[in-house]
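Only the coordinates and a few stated rules stand behind these numbers; no lab work does. Just so we're clear, the structure is a prediction, and the values are computed from it rather than from any experiment. Don't worry about glycine lacking a Cβ; one is built from the backbone with ideal geometry, like all the others, and counts go over all protein chains shown.
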Amino acid sequence: MAATLAYHHNIFWNSTTPERCFPKLVKERKSNRKFDLGSEPECSKSRFCYTTQSKCQKVYSLPPNSFLPRVLVETVESGSLEDALNLFEKMNHLDTYIWNVMIRGYTDRGLFREAINLYHRMGYDGIRGDNFTYPFVIKACGELFALIEGEKIHAKLHKIGLDKDVYICNSLIIMYAKLWHIDSALRVFAEMPSKDLVSWNSMISSYSFVKEHLSSLKCFREMLQVGIRPDRFSMISALNACSLGLYASTGKELYCIALRLGFELDVMIQTSLIDMYGKCGKLDYAERVFDRIPIRNVVAWNAMINSYALNAQPVKAFGSLKIMLQADNLTVDNVTLINLLPSCTQLGAVLQGKSIHGYTIRKGFLPHPVLETALLNMYGEFGILKLAEVTFNHMMEKNLVTWNAMIAVYVQNGWNCKALKLFEELLSEHLRPDTVTVASILPAYANLASLREGRQIHGYIMKLQYLSNTVVSNSIIYMYASCGDLEAARKIFDRMTCKDIVSWNTIIMAYAIHGMGRISIELFSQMERDGFQPNDSTFVSLLSSCSNSGLVNEGWEYYKLMKLNYGMEPKIEHYGCMLDLIGRTGKLDQATSFIEEMPLLPTARIWGSLLNASRKKGDIELAEFAAQHIFSTENDNTGCYVVLSNMYAEVGRWEKVKETKSIMKKERSEKTLAYSITETNFGLHRFTNHDRSHIESDMIYNVLDILSRKMGEKKCIHNTKFKPSDFARKSANSPQNHSVRLAVCFGLISTTIGNPVLVRKNTRICEDCHIGIKKISETTRREIIVGDSKVFHHFGDGHCSCGDYW
DNA sequence: CTAGGGTTAG
């Protein structure tokens, strides 16, 4: 094999390409013929110095040929820094060399604070640091995020004339990048009188580090233009930029360059390529590169397994594992296991996931924060929150990512209160939430729908200066819309400087849940004018907006447009929206045939939509038909039974009502207690039907009474569909004292005129209350917003935004 | 005696 490789390299070296590309390299190359292939670690330190300042021109402070310093070096290298320090104290401190040895010892071992302390002590002792001292100290500053310290040292370097040293400048570039001061890094780089290969590599990877992938690639290109020959590190950094920035075509170009430079069989570069292609969604290319690797190692396999996971090929991922273990006789490492877990999730393979967990314990992989976080995520995705919690609680070392994962798992499984509690716990620790934390917790605020708390978290996010983050802003838009403050949502949207497709989908959906379809449509065309390509979710937002607002013709139009103009096949969500739309028109025949003609298997959501349509029309037979289907698919049928039972009651089929109720009892599905919430500056006020527990109860009922009389609604006689035969039942659950009305009345007396009254409700608003609140809005001339389990009703002047269908 | 690197969790 070695012979073949050498042969390859000779071909490349003797060809004219490198010379033409890199004329400056010719001389250097001869003295540095040995090519680094990645399989031999000792090669990895090989350097090319192509610039004017070559190593031999440097004046070294060579170690004095005495006994003690050599012992010190050996002690440091053996790892016992304490012994080394003891020895150091006994030595002559006039020699810079021994200081350097000690400082380096600390930095190498990750004891950065100690390294810097020793550097300071050196200054107090009157010993000047030299060109060997500073790279270690600068690195320590970078690792400690000590910006001020680093800048001070940088200033000092200027003073003592070491600010032009290549090694020192290279370390400064990396330090500034680690501190996210890429401008300073660039300044150092630009002002260097001579740059070497490492300088260029440092700048390329610095840009990558701060996620300025394009700048990174530009820097690489510039390097080529200047005539510097990239080495494997340059290639890897540039490929990394392509991979993170999803620049697949640039990645391909880099591959060509790598081939021309003779890196064809460099495992590291091949692995980088696999990763890049995998992340860019070009699985076939990744496979092709992988197949060309002469001797595959675990890292390459890991990259391939990860690529399969990223491209939703879990079977192939597990297939790879098998080949890796059997044919290549390799063993798995942490990363292999981490990369396999998403494939378990994709396959729904709980057992495999658990056995990986068991394996990690048996083989001593744990504790390992990344692996444990991946396990936690897997359990979260499977909805096994108990095990996710156990994993989280058992972790020895939790980082912010771990916390974020646990919060996200809670939120995704609807455990909003738990999520908020954990978020508070995180704040009470020394950890500072990042944009991911904030974006993960925001849906919990949206679901709990407390506008007051929503505003608080918004303020907190502003203070953290995360508002410029697109994902965060998108979540805030959704949060405000869900909490009922559409105006606030719109304000955030309008002020966003970097909108993405999700921003547009979210704002369109915001108007959908507030039943303002016209504005959704307006926004959709605005979006197109701004050059955004709609995706599946865009149409879900748009179609549900049409449905919620009763824009039937427009709904059909966009449904057709979706296929014709955008070539998108409707998914089950789109069919659901359309079914709601058809349901509005009351054309039940059309609804049933629409379901029959659907190319997809109807889900519970689809049947639920049909059930709702038949409820509106009072078609009990169809309702029963839809309900039957729901019973056969879903576990929680409570809502279904309630709808049926109400429908039976409306036509006076009491025996059926009884039957339904007894089934519910047997299945132990409790009817959810209906309640309504309104918020004042002092907190939440929760009302159930006929609630008299509120401290202002008397006042509320007085207001309700006055309003009822004004509206011409006589006590206990109202616009209900219930038959008089059920008078007793009716008066027991008179809609006049329904929770929404109580909440609305309290809202009217506890908020200032000019502001809307905002009420949230956990169940759908009943028809009587809908009529009632329309009238209340008319007589009080107040805007009343009621968010029920499906949409927000904006009442004003006796009308509702939903157009009386919900 | 110095600086840079591939796969990994949201």
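Structure summary
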{"item": "Relative contact order computed over the range A:71-151 (Cα-Cα under 8 Å; 6+ residues apart), in percent", "result": "25 percent"}
{"item": "Cross-link reach list, aspartates and glutamates versus residue A:463, counting only Cα pairs under 18 Å and skipping chain neighbours closer than eight places", "result": "A:424, A:434, A:453"}
{"item": "Mean-position separation - Cα centroids, the range A:587-637 and the range A:209-230, in angstrom", "result": "59 Å"}
{"item": "Size of electric dipole in chain A: Cβ of Lys, Arg +1 and of Asp, Glu -1, about Cα centre, debye, nearest 20", "result": "400 debye"}
{"item": "Full-extension gain in nm, residue A:596 to residue A:312, via 0.36 nm per residue minus C-alpha separation", "result": "99.2 nm"}
{"item": "Options A:438, A:326, A:618, ranked by Cα towards positive dipole end of chain A, top entry (Cβ charges)", "result": "A:618"}
{"item": "In the range A:557-663, chymotrypsin sites (Phe, Trp or Tyr not before Pro) in a DSSP loop with at most 16 other beta-carbon atoms within 10 Å", "result": "A:566"}
{"item": "Neighbour cut-off at most 12 other Cβ (10 Å), DSSP loop, trypsin sites (Lys or Arg not before Pro), the range A:290-375", "result": "A:292, A:363"}
{"item": "Qualifying aspartates and glutamates (Cα of each under 16 Å from Cα of residue A:139; at least 8 residues distant if same chain)", "result": "A:108, A:114, A:130, A:149, A:151, A:163, A:165"}
{"item": "Size of charge dipole - the range A:204-353 - debye, nearest 20, with Cβ of Lys, Arg +1 and Asp, Glu -1, no other charges", "result": "200 debye"}
{"item": "Between 0 and 90°, nearest 10: helix A:451-464 axis offset from chain A longest Cα axis", "result": "10 degrees"}
{"item": "Cα gyration tensor shape for the range A:144-249, rounded if a/c is under 1.5, else prolate or oblate", "result": "oblate"}
{"item": "Shape of chain A, Cα gyration tensor, a/c cut at 1.5", "result": "prolate"}
{"item": "GluC sites (Glu not before Pro), loop per DSSP, at most 11 other Cβ atoms within 10 Å - longest free stretch of chain A", "result": "A:1-396"}
{"item": "Expected 222 nm ellipticity per residue - DSSP helices of 4 or more, -39500 (n - 2.57), all of chain A, to 500", "result": "-20500 deg cm²/dmol"}
{"item": "Residue order, fewest to most surrounding Cβ atoms within 10 angstrom, among A:579, A:400", "result": "A:400, A:579"}
{"item": "Crossing angle, helix A:697-710 versus chain A [Cα axis fit, 0-90 degrees, rounded to tens]", "result": "60 degrees"}
{"item": "Within the range A:180-231, trypsin sites (Lys or Arg not before Pro) in DSSP loop having at most 15 other beta-carbon neighbours inside 10 Å", "result": "A:211"}
{"item": "Degrees, to the nearest 10: A:182-191 long Cα axis against longest axis of chain A", "result": "30 degrees"}
{"item": "Rounded, prolate or oblate (a/c below 1.5 giving rounded, otherwise prolate when a/b exceeds b/c) for the range A:125-205 by Cα gyration tensor", "result": "oblate"}
{"item": "Relative contact order [Cα under 8 Å, 6+ residues apart], the range A:273-345, whole percent", "result": "31 percent"}
{"item": "Set A:616/A:661; A:252/A:499; A:218/A:282; A:418/A:499; A:282/A:363 screened for pairs whose C-alpha atoms are more than 26 Å apart", "result": "A:252/A:499; A:418/A:499; A:282/A:363"}
{"item": "Contact order normalised by residue count of chain A, Cα under 8 Å, 6+ apart, percent", "result": "5 percent"}
